[in-house]
1. Pick from LEU77, LEU108, LEU103: which is assigned to a loop (DSSP other than H, G, I, E, B), surrounded by 13 or more Cβ atoms within 10 Å (Cβ to Cβ) and of a type in the set (A, V, I, L, M)?
2. Show the residue pairs that are 6+ apart or on different chains and have beta-carbon atoms under 6 Å apart, the first residue being within the stretch 49-78 and over 15 Å from LEU115 (Cβ atoms) and at pLDDT 90 or above, the second being surrounded by fewer than 24 Cβ atoms within 10 Å (Cβ to Cβ) and among the aromatic types (Phe, Trp, Tyr).
3. With (1) of a type in the set (Lys, Arg); (2) part of a helix (DSSP H, G or I); (3) modelled with pLDDT under 95 as the list, and LYS117 as the residue in question, which single condition is left unmet?
4. Test ASP86 against the stated conditions and say whether it is out of contact with any Phe, Trp or Tyr (no Cβ under 9 Å at 6 or more places or on another chain), under 18 Å from GLN113 (Cβ atoms) and touching a residue at least 24 places away in the same chain (Cβ under 8 Å).
5. Only one of these conditions is not met by PHE76: (1) more than 12 Å from ALA48 (Cβ to Cβ); (2) touching a Phe, Trp or Tyr at 6+ places or on another chain (Cβ under 6 Å); (3) aromatic (Phe, Trp, Tyr). Which number is it?
6. Among the residues of the stretch 83-100, which ones are assigned to a loop (DSSP other than H, G, I, E, B) and either acidic (Asp, Glu) or touching a Cys at 6+ places or on another chain (Cβ under 6 Å) (or both)?
7. Every residue in the stretch 24-48 that is outside any helix (DSSP H, G or I) and either among the small types (Gly, Ala, Ser) or at pLDDT below 75 (or both), please.
Amino acid sequence: MQTGEGGEERRGGGGGGGGGGGPVGCAIMTPQASFGGQYVHNGIFEMAAAYAFHIAENQPFVDGNKRTALASALVFLDWHQIETEDSGDELYNAMIGLAQKKLDKAGLAKLFQKLAKPAKE
């Protein structure tokens with residue numbers, strides 16, 4: 001038995017698996033959620049922030065939750081031809097801010113938008 005970052009106990013290698021359910025499945029399905037035919041998270045930056053926020057918040061892995069959360073969001077943005085340019089530690093500080101509950105999903109979406117630039121072809 002191992003203990004995750006949030007103090008919860010984990011068996012084996014860490015989480016609830018991939019897309020079907022558990023903490024990982026819930027986190028990766030949240031940005032795709034819709035109501036009345038409309039996405040709950042409007043826009044690419046809000047969806048990217050939802051990936052990062054919910055993976056970081058759900059703590060599905062024994063280690064590396066913030067790194068995985070940020071990587072997921074950045075891959076999502078890249079998939080939509082958006083790169084981020086972080087000349088300092090803004091993304092690192094944002095992930096720490098999420099963990100400490102000093103930054104919310106909307107704040108992270110604004111940061112992604114601020115750091116965005118079109119991807120190179």
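1. Step by step, each of LEU77, LEU108, LEU103 is checked, and only LEU103 is assigned to a loop (DSSP other than H, G, I, E, B), surrounded by 13 or more Cβ atoms within 10 Å (Cβ to Cβ) and of a type in the set (A, V, I, L, M).
2. Sorted first by the residue in the stretch 49-78, then by its partner, the pairs are TYR51/PHE76.
3. LYS117 satisfies every listed condition except (2).
4. No, not satisfied.
5. Here PHE76 clears every test but (1).
6. GLU85, ASP86, ASP89 - these are the residues of the stretch 83-100 that are assigned to a loop (DSSP other than H, G, I, E, B) and either acidic (Asp, Glu) or touching a Cys at 6+ places or on another chain (Cβ under 6 Å) (or both).
7. ALA33, SER34, PHE35, GLY36, GLY37, GLN38, TYR39, VAL40, HIS41, GLY43
The values are calculated or read from the model by the stated rules, or taken from the named source; none is laboratory data. The shown structure was predicted, so the numbers you read here are calculated from the model rather than taken from an experiment. No Cβ is skipped: glycine too gets one built from the backbone with ideal geometry, and neighbour counts run over all protein chains shown.
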